[in-house]
Amino acid sequence: MTEEAMDKPSDGVGCGAAVLMDIRNVSLRFGGVKALRDVSFDIREGEIRAIIGPNGAGKSSMLNVINGFYHPQEGEIWFRGKRRPPMKPHTIARHGIARTFQNIALFRGMSTLDNIMTGRITRMGLGLLSHAIWWGWAEREEVQHRERVERIIDFLEIQPIRKTPVGRLPYGLQKRVELGRALAAEPTLLLLDEPMAGMNVEEKEDLSRFILDVNDEFGTTIALIEHDMGVVMDLSDRVVVMDYGRKIADGSPQEVRNNQDVIDAYLGVPH
Amino acid sequence: MHEQLLFALEVSLNGLMTGVLYSLVALGFVLIFKASGVFNYAQGVMALFAALTLVGFQSGQVPFAHLINAVFGSNIHHFGWHLPVILSILLTLLVMVLLAVVIEKLVLKHLINQEPIVLFMATIGLAYFLEGFGDLMWGSEIKRLDVGIPQGISESIENFTFESLGYGFFIDRLDIVATAVAAVLVISLTVFSQYSRVGRALRAVADDHQAALSVGISLRYIWVVVWSVAGFVALVAGIMWGAKSGVQFSLSLIALKALPVLMLGGFTSIPGAIIGGLIIGVGEKLFEFLMGPLIGGATENWFAYVLALVFLVFRPQGLFGERIIERV
């Protein structure tokens, strides 16, 4: 493990910005399996932070810890300057963390529009009471949120499939709808789990452009897991590299690329 | 021959009305199954429990009277009042919502991420518990339920059909009311699940638990809502069946008739539950009418199950269920 690579200040865009999330000494075990071992890194406001590593390195576990699907046995997570107590994933969603999944997790029976509308739930609540009191009231609120959703649909250029049930859409478009659903929550921190997996070159370029636009235009902080090194190098401001549940490097794409530990991990040098 | 045909028509009509009542029970199953993938074996007992509670409130029965009397040696049975129908229905509804909260807290909460079979077993346990609890709370004797639904043969229909067709149809007024109620219930449930926000969240939870959590939907909240709605449907079914044949244990066995209804209609379709109920209702009455005399009668006991079996072989997802596609 090279201490220099970790501590060296990076020259990325996120540099100098305030820390949005600080992950401190997080360890996660499933029975005897250690998924995460003493992992620490931070995510700064407005940056695109990539998490890379070979299969089984603990990248997805890390994302699941951040959005509350897993609760680490040790370590702390600081969010917006406060230590975050253990919370349910749906509460964490309400605190402004949205995500997409490695294997698309859309609501398959619903249309594109309805899928993205569910993303607004953190903003508008479920309105059981307002529905019960006066349907028109809830309806008016719905229209306002609908406008925002239409803007996201415009932004992602998916107007033609607004009413299509998502189960019928091709893979690349499903990924885009899932991104739309996450964006609808107007998250402070957006987690993307392998957003480019299974895409062709053209689809990858499209999605890269959207991710950069989200980051630029909305100022959304993004943490993403990705396997395509080209994409990672182009998109991200800073990169965390993991292997066997440990962090082995942290820094700008340039630094990480030249790090011997990283090269070893990817080439499979025996431990 | 003409007479025979009209008689068959009357039998079918009566079958339709019975079918509506089957549908009402099946509807409760579908609601819970759609939202949580749980086959709620206790749905029938919930209908019985709701009806018992309604009668209890209405007639001013003291809950747990037998228990209280046995422990304290007292002899109280009635508060000595009679509550208006609307108030008792509202109170019963409140009890059903409370029941939903308790079920979520004591059962479902601890079984998150378990296999569907585990949840199914839990609902079997729930069914037996609720059955005993209902007995303990309100007593086990057969009770008459009267919420002011008109009963008996509708004379106006009989007269009208007699004058126009020369054959008077016998149709129970209760069945007509039940049909109307079921229609309203189905329409409002469909609107609720298709157009309300909670409905959308409900469908979201049905599709993908993890994704639902990640957009900020609390599964536990949705489960309470779903079980409350199912409790409400159980109450409506309990009222209709209770008014028809008295509030008694056999009410919970109607749930078994809802099974073939669900196999026909598909476990995930609200319209399917209705159509399935109607087909079974008409089918078993017509079959009894046409074939009963030939094969010795009592076909109503098994016809529905055989029909469901045929469906299981040729169309396992039911008429309206989501297509099961196995990728190999």
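The values are calculated or read from the model by the stated rules, or taken from the named source; none is laboratory data. Here the structure is a predicted model, which means the values were calculated and not measured. Counting neighbours? That spans all protein chains shown, and the Cβs are built from the backbone with ideal geometry, glycine included.
Restricting region B:142-154 to residues that are more than 21 Å from the chain's Cα centre (by Cα) and assigned to a loop (DSSP other than H, G, I, E, B) leaves a set whose member that is surrounded by the fewest Cβ atoms within 10 Å (Cβ to Cβ) is B:152. All conditions but one from (1) in contact with a strand residue (DSSP E or B) (Cβ under 9 Å, 6 or more places away or on another chain); (2) of a type in the set (Asp, Glu); (3) closer than 20 Å to residue A:43 by Cβ apply to residue A:264; the one that does not is (3). For region B:210-224, the set of residues classified as closer than 23 Å to residue B:119 by Cβ and free of Cβ contacts under 8 Å to residues at least 40 places away in the same chain consists of B:210, B:211, B:212, B:213, B:214, B:217, B:218, B:221, listed by residue number. Tell me whether region A:117-124 contains one or more residues that are among the hydroxyl-bearing types (Ser, Thr, Tyr) and buried (at least 21 other Cβ atoms within 10 Å of the Cβ). Yes: region A:117-124 contains one or more residues that are among the hydroxyl-bearing types (Ser, Thr, Tyr) and buried (at least 21 other Cβ atoms within 10 Å of the Cβ). Determine whether residue A:237 is more than 21 Å from residue A:67 (Cα to Cα), of a type in the set (Asp, Glu) and touching a residue at least 24 places away in the same chain (Cβ under 8 Å). In short, yes. Kindly indicate whether residue A:232 is assigned to a helix (DSSP H, G or I), modelled with pLDDT of 85 or more and either touching a Cys at 6+ places or on another chain (Cβ under 7 Å) or closer than 30 Å to residue A:152 by Cα (or both). Here the answer is yes, as residue A:232 does meet what is asked. Before we move on, is residue A:139 acidic (Asp, Glu), without any contact (Cβ under 8 Å) to a residue 60 or more places away in the chain and more than 10 Å from chain B (Cβ to nearest Cβ)? Against the criterion (acidic (Asp, Glu), without any contact (Cβ under 8 Å) to a residue 60 or more places away in the chain and more than 10 Å from chain B (Cβ to nearest Cβ)), residue A:139 does not qualify.
Within region A:68-94, the set of residues being touching a residue at least 24 places away in the same chain (Cβ under 8 Å), out of contact with any helix residue (DSSP H, G or I) (no Cβ under 6 Å at 6 or more places or on another chain) and within 12 Å of chain B (Cβ to nearest Cβ) comprises A:92 only.
Taking the criterion of being of a type outside the set (Asp, Glu), without any contact (Cβ under 8 Å) to a residue 60 or more places away in the chain and within 12 Å of chain B (Cβ to nearest Cβ), would at least one residue in region A:49-58 satisfy it? The answer is no, given that none of the residues of region A:49-58 is of a type outside the set (Asp, Glu), without any contact (Cβ under 8 Å) to a residue 60 or more places away in the chain and within 12 Å of chain B (Cβ to nearest Cβ). Scanning region B:155-169 for residues that are under 22 Å from residue B:240 (Cα atoms), exposed (fewer than 14 other Cβ atoms within 10 Å of the Cβ) and of a type in the set (Phe, Trp, Tyr) returns no hits. Considering A:228, A:216, A:193, the condition of being more than 24 Å from residue A:64 (Cα to Cα), of a type in the set (Asp, Glu) and not assigned by TED's automatic domain parsing to the domain that holds residue A:144 is satisfied by A:216 alone. Restricting region B:255-269 to residues that are of a type in the set (A, V, I, L, M, F, W, C) and surrounded by fewer than 24 Cβ atoms within 10 Å (Cβ to Cβ) leaves a set whose member that is modelled with the lowest pLDDT is B:256.
The condition (being out of contact with any Cys (no Cβ under 8 Å at 6 or more places or on another chain), at the interface with another protein chain (Cβ under 7 Å from one of its Cβ atoms) and at pLDDT below 90) is satisfied by just one residue among A:122, A:118: A:122.
Residues that are in contact (Cβ under 8 Å) with a residue 24 or more places away in the chain, surrounded by 14 or more Cβ atoms within 10 Å (Cβ to Cβ), in the same structural domain as residue A:116 (by TED's automatic domain parsing) and touching a Pro at 6+ places or on another chain (Cβ under 9 Å) do occur in region A:179-186. Within region B:108-145, the set of residues being of a type in the set (Asp, Glu) and more than 26 Å from residue B:63 (Cα to Cα) comprises just one member, B:115.
Please determine whether any residue of region A:90-97 is part of a loop (DSSP other than H, G, I, E, B), under 22 Å from residue A:237 (Cβ atoms) and of a type outside the set (Ser, Thr, Tyr). Yes, region A:90-97 has at least one match. If the condition is being surrounded by fewer than 17 Cβ atoms within 10 Å (Cβ to Cβ) and in contact (Cβ under 8 Å) with a residue 12 or more places away in the chain, then region B:180-191 contributes only B:190. All of A:140, A:181, A:151 fail the test of being among the basic types (Lys, Arg) and in contact with a helix residue (DSSP H, G or I) (Cβ under 6 Å, 6 or more places away or on another chain), apart from A:181.
Of the helices (runs of 4 or more DSSP H) that lie entirely inside region B:155-242, those containing 3 or more residues that are away from chain A (no Cβ under 14 Å) span B:155-165, B:173-195. Checking the stated criteria, residue B:139 turns out to be surrounded by 14 or more Cβ atoms within 10 Å (Cβ to Cβ), on the phi > 0 side of the Ramachandran plot and away from chain A (no Cβ under 14 Å). Please go through region B:244-254 and give me each residue that is buried (at least 20 other Cβ atoms within 10 Å of the Cβ) and either closer than 19 Å to residue B:139 by Cβ or among the hydroxyl-bearing types (Ser, Thr, Tyr) (or both), ordered by number. Hits for region B:244-254 are B:247, B:251, B:252.
Only one of the numbered conditions (1) more than 13 Å from every other protein chain (Cβ to nearest Cβ); (2) within 24 Å of the chain's Cα centre (by Cα); (3) not polar (S, T, N, Q) is not met by residue A:160, and that is (2). Against the list (1) at negative phi; (2) at pLDDT below 95; (3) buried (at least 23 other Cβ atoms within 10 Å of the Cβ), the condition residue A:221 fails is (2).
In the set B:295, B:280, B:275, only one residue is surrounded by fewer than 22 Cβ atoms within 10 Å (Cβ to Cβ), within 16 Å of residue B:20 (Cβ to Cβ), more than 13 Å from the chain's Cα centre (by Cα) and not small (Gly, Ala, Ser); that residue is B:275. Of all residues assigned to region A:135-156, at least one qualifies as being under 22 Å from the mean Cα position of the chain (by Cα) and outside any helix (DSSP H, G or I).
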